[in-house]
Amino acid sequence: MTTTSPAPPLTPAVFHILLALSNGERHGYGIMKQVEADSQGKVSMGAGTLYGSLKRMLDSGLVKESDKRVDPEMDDERRIYYQITGVGAKALAAELERYKRIVKLAQERKLFPKTYGI
């Protein structure tokens, strides 16, 4: 009897990168800016963290380099654009399900301050 084990939790950096790529291809700087916007300025990802994570994510098949550029005439051709893969989308969905279960548990235990209105 074989059971499939759930996907392992994502690191915060990988989670934020996948989330940033979930609505379209981006180059490195674009990913950093999207992470900052998604987190309302609470997460600032440096180049070392970003590119180290992207390399590991490429190796594990979570993301891939894109063949196309947003607008080759307006964009620097050296920029590499990244896109989420099917494996990456499944890993992101699994992580979001984990978060959803945690939030539900916190609500059941009434751990949210009343100011949140939950």
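Computed from the coordinates by the stated procedures, all read-outs in this text should not be read as laboratory data. Please read all numbers here as calculations on a predicted model, not as lab measurements.
Could you pull out every one of the lysines with an alpha carbon less than 18 Å from that of Lys104, ignoring same-chain neighbours closer than 8 positions?
In chain and number order, the partners are Lys114.
Would you list, by chain and number, the lysines whose Cα falls below 18 Å from the Cα of Lys64, excluding same-chain residues fewer than 8 positions away?
Within reach: Lys55, Lys90.
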